Amino acid sequence: MKKANRIANVPPYLFAEIDKKREAAKARGIDIINISIGDPDTPTPAHIVDAMHKAIDNPANHDYPPYEGTMAFKEAVAYRYKARFGVDLDPKSEIIALIGSKEGIAHIFLAFVDPGDTVLLPNPGYPVYNVGTILAGGVPHYMPLRPDQNWTPDLSQIPEDVAKKAKLMFLNYPGNPTAAVAPKSFFEEAIAFAKKYDILICHDLAYSDVSFDGVVVPSILEIPGAKDVCIEFNSLSKTYNMTGWRLGMAVGNAEAIAALSIIKTNVDSGQFKAIQEAGIVALRGPHDHLDTLNAMYKERRDILFAGLKKLGWDNPPPKASFYAWLPVPPGYTSASFIETLIEKCGIVATPGNGYGSGGEGWFRLTITTPKEKIIEALDRMEKAGIRYK
Ligand SMILES: *Cc1c(COP(=O)(O)O)cnc(C)c1O
């Protein structure tokens, strides 16, 4: 069988080795605590599930949906963007429904990147940006995220010739895996850069509504003039505990939305209308569940960081997202530390180098695990003598 080069070019699945170690530990009878998964562990709010029950019974929802999303879904997205961010969007030209935002993120490269084209990517970053670039034949230029600059890239370090060639720049705040929230001043800088070099900014806002300590996460589209050079990917997955439902949206620059629509029209046939109807109910609110959800995540975060502090990690707790992004203790690599956590504590965490070379020396924990498990994990680390220093 002769496979395409693009398959060979996809980097090896970095977590395969971890999966093996976890299975081996399980086979030895070790009780595994998995604090590596970024997937809400509580159910979709009941009023959204109820809406789905009704929608699925309606035969009008059983046929092919419009490719770009139902008008009612896009209007609900526009309503939510106005209410939440104060951003005006035209449902006809500036919004497209996605089968989860990952689908749109993976497809945007096909709309903008020809073989050999340069794409600016955050390092560390969500792996889909890198693989999407490679599948389209593009050439990633990695922007190192600097811990001393709150995990934002230093745009002045991008060589002029690279900037001139670049077609897309991916940004993601709150970040996965870094949990960083970018100040609006960084978005302003990035937009000025994109205008100067004619680059489309793709901002991934998957964690817009998971935040703590009074932090209100901005949309990049709040910046005046952003729509000239930006689209934003957003999703119902994390805001409404709907990861399995597969519903998201891309919003912003009309030309970019139209280009993405050409790819999608020819690749998929849109998301089930009943799911979009439930999505409308989610987007139109009420949003009371967010207070409960974020209070629960905050409690877990506080337990985790109090425990980590006792173990020598003096890192500030994240203000948003599900993630604790932490340095491995001196003397370890990301991989060797993760292996030690599995072997000595039965704890599964994520090695930072799975998010690119910029993640080497770091690891990621999540707060989508019940607090009892977090307490147990911290206890096991203490007993095994695992400390930052
Ligand atoms: C979870 C996540 C997504 C994907 O969300 P879906 O809408 O479920 O596909 C996108 N980007 C980041 C950074 C994520 O963590």
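Below is a table of values for the structure above.
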{"item": "Hits in the range 208-246 (condition: closer than 13 Å to Leu171 by Cβ and near the ligand (Cβ under 9 Å from one of its atoms))", "result": "Phe233"}
{"item": "Flag for Ala274 being more than 16 Å from the ligand (Cβ to nearest atom), of a type in the set (A, V, I, L, M, F, W, C) and open to solvent by 10 Å² or more (accessible area, probe 1.4 Å)", "result": "no"}
{"item": "Some residue of the range 266-278 being closer than 30 Å to Asn58 by Cα, in the same structural domain as Asn150 (by TED's automatic domain parsing), in a helix (DSSP H, G or I) and of a type in the set (Ser, Thr, Tyr)", "result": "no"}
{"item": "Extreme residue, nearest to Leu365 (Cα to Cα), among residues of the range 309-344 that are more than 16 Å from the ligand (Cβ to nearest atom) and assigned to a strand (DSSP E or B)", "result": "Leu326"}
{"item": "Candidates Gly312, Gly352 - the one that is of a type outside the set (Val, Ile, Thr), surrounded by 14 or more Cβ atoms within 10 Å (Cβ to Cβ) and over 19 Å from Ser237 (Cβ atoms)", "result": "Gly352"}
{"item": "Residue list for the range 62-105, filter: open to solvent by 40 Å² or more (accessible area, probe 1.4 Å), of a type outside the set (Lys, Arg) and under 30 Å from Arg6 (Cα atoms)", "result": "Tyr67, Glu68, Ile99"}
{"item": "Subset of the range 327-344 (residues that are closer than 15 Å to Arg22 by Cβ and open to solvent by 10 Å² or more (accessible area, probe 1.4 Å))", "result": "Ala335, Glu339, Thr340, Glu343, Lys344"}
{"item": "Enumeration of residues in the range 69-124 that are in a strand (DSSP E or B) and out of contact with any Phe, Trp or Tyr (no Cβ under 9 Å at 6 or more places or on another chain)", "result": "Thr118"}
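The values are calculated or read from the model by the stated rules, or taken from the named source; none is laboratory data. This structure is a prediction, so every number in the text was calculated from the model and none was measured. All Cβ positions, even for glycine, are placed from backbone atoms using ideal geometry, and neighbour counts span all protein chains on display. All accessible areas refer to the heavy atoms of the entire protein, side chains included, with ligands and DNA or RNA removed. Shrake-Rupley method; radii C 1.70, N 1.55, O 1.52, S 1.80 Å.
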